[in-house]
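See structure below.
The values are calculated or read from the model by the stated rules, or taken from the named source; none is laboratory data. Just so it is clear, the model here is predicted, and its values are computed rather than measured. All Cβ positions, even for glycine, are placed from backbone atoms using ideal geometry, and neighbour counts span all protein chains on display. Note: accessible area is taken over every heavy atom of the protein model, side chains too, but ligands, DNA and RNA are not part of it. Shrake-Rupley method; radii C 1.70, N 1.55, O 1.52, S 1.80 Å.
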Amino acid sequence: MVQTGRQAEKRKGRAASPGLASGPVVPIEDVAPRTEAMTAVAADPAAELASLAQALEGASSQLAALIDRVDADAAEMLEFQLAMIEDEELSAPAVAAITDGAAAPVAFAAALDAAIAGYLASDDDYFRARSADLSDIRDRVLRLLADPGMAERRESPKGAILVGVDITPSRFLEVDWSAGGAIALAEGSPSSHVAMLARARGVPMVTGLGVLDIDERAVAIVDGETGTVWFDPDAAMQAEHEALRARRAHEADAARAYLDKPARTACGEAVSVMVNIAEPDEVDGIDPAHCDGVGLMRTEFLFHGPGGLPDEETQYRAYRKVLEWAGGRSVTIRTLDAGGDKPVPGLTIAEANPFLGCRGIRLSLLRPGVFRVQLRALARAAVHGNLQVMLPMVSRPEEVGRAGELFDACIAELRAEGVEAVRRPPLGIMVEVPCVAITPERFLAADFFSIGSNDLTQYVMAAGRDSAEVAEIGRADDPAVLALVEATVRAGEAAERSVSLCGDAGSDLDVLPKLLARGVRRVSIAPAALARVKASIAAMRLDTDG
Ligand code: PEP
Ligand code: MG
């Protein structure tokens, strides 16, 4: 890498997509042609309305063409934009302003800016993240208003590090990432659509770097695992990068050898290693032979689609896809865990302390109409594989009983409707509220236990999982958390209930030996961590580790 004599700078942001890349800095262009070029008033409203209609039509056909080129998950995201463009409500304020004499670009920019501000002001991560889709639409339409014949596709140099305030999903999809590259953003969010796309395609990405002065920048290194970006690195930083790259490459190579073997410790103990997924499409990138099934499928994603709450058929198809991918391997699907850090507009309740409020099974039992749709879909999907259903945030034994009764009622209802292909799968619980881990013997109505170390830790240590300030306090290897993990494992053994652990502690190589030392033999982890977790298990001796 050529050092340019510019001031070297190391910045820390939020890790949004893992991986390490270096390359030339390419600014993410300020995509919306604005200001001087845009006159505020227009002489002929009819002509302005016609040019807005033409630009909207052009934007729709550009998106439709892009949808044809990309894969299913990207297409789904672009379809959301297409639906927004085609929704007359979006452009209605612009049409009104044009009718009153405003120029089309000014009117459309103002209408979209207002809509974006509304999304950004939301308390909900989902809506804030969707504001990028609206910016994307605004900029595309403004470009077309400025230049109706504008070409759809903009080329970026291969291996470039795209740097800017934020990046739109369609801009991301225009880039050929096959030759490497990465993204570094002043703003942005790890839960944005773009971050999801970046993770799915293995493009390193860091968000939240703060104000960036990129005009003078030539090269950058992005480490999406630690959220670090080096601009115009000096010799010492380049050496640091080289060492990091060599270490990561070596670790990845060594670990890959363990991928298709069952996990076993150095002293011969078998450990079941499953994966956590949040979307059915994630399994497309995973070889089922590399894991022992799905230990946790979160279902919150289904409730965040543009169409509101998902119907039975949509859910059934999502669950069936994962079950068929897994073959006969076990698949544990968790019922909706909305609330806490995962609000669902129109479903969750506004509370002063949502982590201690109506989340998970508490909310499902409060909204049986919504819960029944999910249980019916699960009962129908169960015949396509080895399904287990899991309830989140259980804190009282009767919650298991009531969920079980509802499940039975749904199955009876389906049969009465003539749907014979249904099955009641085992019904288990997350052990993530301390009262369950302290007295697990009261919860034997559950067919299995899965320890949610993320929530268990935050509740045991009184340290919010979303607070960087108390991250050091909220450690999953605190002796108190480990004691509850061990108590749960022992209770499971005594009552012949399988016990797994599906929180992030299972992918943490510093904590994992301590979990195994306390009897954990089933973990469910991030798919990207499969190779290194299996490799690290192979090196463990349970008689000495932890
Ligand atoms: C957990 O709490 O550990 C867990 C796996 O659930 P989630 O992170 O979805 O709350
Ligand atoms: Mg949890």
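Nearest 5 is fine: what % of DSSP beta bridges in the chain come out antiparallel, could you say?
Values: 19 of 54 bridges.
Beta bridges within the chain, antiparallel portion: roughly 35 percent.
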Got the relative contact order for region 268-325 handy, in percent, Cα pairs under 8 Å and 6 or more residues apart?
36
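Under the definition of Cα pairs under 8 Å and six or more residues apart, what whole-number percent is the relative contact order of region 149-267?
Values: 139 pairs, mean separation 21.7, N = 119.
For region 149-267, the relative contact order is 18 percent.
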Starting from 0.36 nm per residue, how many nanometres of slack lie between V383 and A352 once their C-alpha separation is accounted for?
7.0 nm
May I ask for the distance between the Cα centers of region 220-299 and region 466-521, given as a whole number of Å?
21
So the pair-distance distribution of region 238-308, from every Cα-Cα distance in 10 Å bins, comes to percents of 16, 30, 28, 21, 5, 0
For the chain, averaging the sequence separation of alpha carbon pairs under 8 Å that lie six or more residues apart and dividing by its residue count, the contact order in percent is 14
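Compute the Kirkwood hydrodynamic radius of the chain, taking the inverse of the mean of 1/r over all pairs of distinct Cα atoms, and give it in Å to one decimal. Walk me through the numbers on the way to the answer.
Values: mean 1/r = 0.0392 Å⁻¹.
In the chain this quantity evaluates to 25.5 Å.
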Full-extension gain in nm, A289 to A235, via 0.36 nm per residue minus C-alpha separation:
15.1 nm
Per-residue accessible area, 1.4 Å probe, largest first, puts V165, V211 in the order V211, V165
Taking the Cα centre of region 165-323 as origin, sum charge times position over the Cβ atoms of Lys and Arg (+1) and Asp and Glu (-1), and report the length of that vector in debye to the nearest 20.
540
Set the Förster radius R0 to 30 Å, insert the Cβ-Cβ distance between D215 and S61 as r into 1/(1 + (r/R0)^6), and round the FRET efficiency to 0.05.
0.30
Not counting ligands, DNA or RNA, and with a 1.4 Å probe, what is E282's accessible surface area in Å² rounded to the nearest 10?
70
Net +/- balance of residues flanking G503 in space, Cβ distance below 11 Å, scoring K and R +1, D and E -1
-3
Between V431 and residues 5 or more places away or on another chain, which pairs have amide H atoms under 5 Å apart, with H built 1.01 Å from N, and which residues are they?
S450, I451, G452
Separation of the R424 and R256 label points, Cα + 7 Å toward Cβ, nm:
4.8
May I ask you to list the lysines whose Cα is less than 25 Å away from that of K10, ignoring any residue fewer than eight positions away on the same chain?
K158
Charged-residue dipole, Cβ positions (Lys, Arg, Asp, Glu), region 185-224 about Cα centre, Debye nearest 20
300
Calculate how steeply helix 125-146 sits against the longest principal axis of the alpha-carbon atoms of the chain, using the helix alpha-carbon long axis, and give the answer as 0 to 90 degrees to the nearest 10.
20
Can you give the convex hull volume of the alpha carbon atoms of region 295-383 per residue, in Å³?
93
